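**Student:** The structure under discussion is supplied below as structure tokens; questions concerning it will follow.
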Amino acid sequence: MTVEMAAELTAGHDARPVYRLRRVSKTFARRNIQALDSVDLTLTEGTFASVIGASGCGKSTLLKIMAGLMPPSTGSVILAGRPVTGPRQDIGMMFQQATLFPWRTTIENVVLPIEIRDGKAAARSKHAQARTLLELVGLKDFADVFPNELSGGMAQRAAICRMLVTEPAVLLLDEPFSALDELTRDYMNMELQKICMQRNATAFLVTHSIAEAVILSDVVYVMTPRPGRFAEAVTIDLPRPRTLDMVTTPRFGALVDRIRSHLDRGSFL
């Protein structure tokens, strides 16, 4: 299925486009490397999309461009009707490591973006909202502890709250659970799905895990080896809410095989 057809299927009749990327390319002139080539992407409100591809294909470069951390060489990036020309308050980003400051409590880490942006008084005014978010991810009783008292999964849940407290229009996720053990990663994926469904969040995930992409996404974009472009957009037609039991179903296996067959035509993950 083409990228355009997948966008139409996931959008529905009333869905609002949130992100629009048109013919986005990126060339690193000093190294004479073209990382991305004419990437088109539309994310609609409340949908979850993933991109998967071989190492070095440009997935993280694409995410940095979407986050405003890096300009494209050509093309346009529009979020909520405005060009993305740098970091913005309505973009939430989560990385592989939680990166909580050890001298701040969990709740102080959660409201840190507000403090940096608007000052300490504004951050204190967000404590009630932050506690609600911590309760949502099962950390209600850990708001006032320090990061050394949190497990890896708990720290990542706190990082999710830190991303959500600014109420971003879109969530950009760069392999946020790759450092966790398999059981914790599965649990975190289910937590992430629950949060996105409850908040009608729009999310875009970079991952190396085909199974993770399938269990979370409405659409999985398969990227070619460098220069990266979308080879296919695979619509994931599993019902929501997703459960871990689905990974043993024939349909889940068929979707994984379809994505893997595209990757095998290029290079290995």
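**Student:** Counting only residues that are farther than 22 Å from residue 95 by Cβ, out of contact with any Asp or Glu (no Cβ under 7 Å at 6 or more places or on another chain) and not hydroxyl-bearing (Ser, Thr, Tyr), which one in segment 201-225 is surrounded by the fewest Cβ atoms within 10 Å (Cβ to Cβ)?
**Tutor:** Restricting attention to segment 201-225, the residues satisfying the condition of being farther than 22 Å from residue 95 by Cβ are 214, 218-219, 222, 224-225.
Of the ones still in play, those that are also out of contact with any Asp or Glu (no Cβ under 7 Å at 6 or more places or on another chain) are 214, 218-219, 224-225.
Right, trim to not hydroxyl-bearing (Ser, Thr, Tyr) and you get 214, 218-219, 225.
On the way: 214: 25, 218: 21, 219: 24, 225: 17.
Within segment 201-225, the match that is surrounded by the fewest Cβ atoms within 10 Å (Cβ to Cβ) is 225.
**Student:** Residues to consider are 265, 240; find the one that is of a type outside the set (A, V, I, L, M, F, W, C) and farther than 30 Å from residue 198 by Cβ.
**Tutor:** Numbers: 240 fails: farther than 30 Å from residue 198 by Cβ.
Among 265, 240, only 265 is of a type outside the set (A, V, I, L, M, F, W, C) and farther than 30 Å from residue 198 by Cβ.
**Student:** Being in contact (Cβ under 8 Å) with a residue 24 or more places away in the chain, surrounded by fewer than 16 Cβ atoms within 10 Å (Cβ to Cβ) and not in a helix (DSSP H, G or I): is that true of residue 138 here? Before the answer, list the steps.
**Tutor:** Numbers: in contact (Cβ under 8 Å) with a residue 24 or more places away in the chain: yes; surrounded by fewer than 16 Cβ atoms within 10 Å (Cβ to Cβ): yes; not in a helix (DSSP H, G or I): yes.
Against the criterion (in contact (Cβ under 8 Å) with a residue 24 or more places away in the chain, surrounded by fewer than 16 Cβ atoms within 10 Å (Cβ to Cβ) and not in a helix (DSSP H, G or I)), residue 138 qualifies.
**Student:** With the structure loaded, tell me whether residue 178 is of a type in the set (S, T, N, Q) and without any contact (Cβ under 8 Å) to a residue 24 or more places away in the chain or whether it fails that test.
**Tutor:** Numbers: of a type in the set (S, T, N, Q): yes; without any contact (Cβ under 8 Å) to a residue 24 or more places away in the chain: no.
No.
**Student:** Is it fair to say residue 90 is charged (D, E, K, R), in contact with a Pro (Cβ under 9 Å, 6 or more places away or on another chain) and modelled with pLDDT under 95?
**Tutor:** Values: charged (D, E, K, R): yes; in contact with a Pro (Cβ under 9 Å, 6 or more places away or on another chain): yes; modelled with pLDDT under 95: yes.
The answer is yes for residue 90.
**Student:** Still on this structure, I have one more. Give the residue, chosen from 38, 55, that is small (Gly, Ala, Ser), at pLDDT 90 or above and closer than 19 Å to residue 224 by Cβ.
**Tutor:** So the residue among 38, 55 that is small (Gly, Ala, Ser), at pLDDT 90 or above and closer than 19 Å to residue 224 by Cβ is 38.
**Student:** Continuing with the same structure: Quick check on segment 251-261. Is at least one of its residues in contact (Cβ under 8 Å) with a residue 40 or more places away in the chain, over 15 Å from the mean Cα position of the chain (by Cα) and within 20 Å of residue 62 (Cβ to Cβ)?
**Tutor:** Looking through segment 251-261, at least one residue is in contact (Cβ under 8 Å) with a residue 40 or more places away in the chain, over 15 Å from the mean Cα position of the chain (by Cα) and within 20 Å of residue 62 (Cβ to Cβ).
**Student:** OK, next. Let me confirm something: among 238, 172, which residue is under 18 Å from the mean Cα position of the chain (by Cα) and modelled with pLDDT of 90 or more?
**Tutor:** Checking each option against the conditions leaves just 172.
**Student:** Additional query: I'd like to verify a number: residues in segment 186-225 that are of a type in the set (Phe, Trp, Tyr) and either modelled with pLDDT of 90 or more or under 19 Å from residue 255 (Cβ atoms) (or both), how many?
**Tutor:** So the first thing to find is which residues in segment 186-225 are of a type in the set (Phe, Trp, Tyr), and the list is 187, 204, 221.
Checking the rest, the ones that are also either modelled with pLDDT of 90 or more or under 19 Å from residue 255 (Cβ atoms) (or both) come to 204, 221.
Residues meeting the conditions: 2.
The values are calculated or read from the model by the stated rules, or taken from the named source; none is laboratory data. Being a predicted model, the structure only gives us computed values, none of them experimental. Ideal geometry is used to build each Cβ from the backbone, glycine not excepted, and the neighbour counts take in all protein chains shown.
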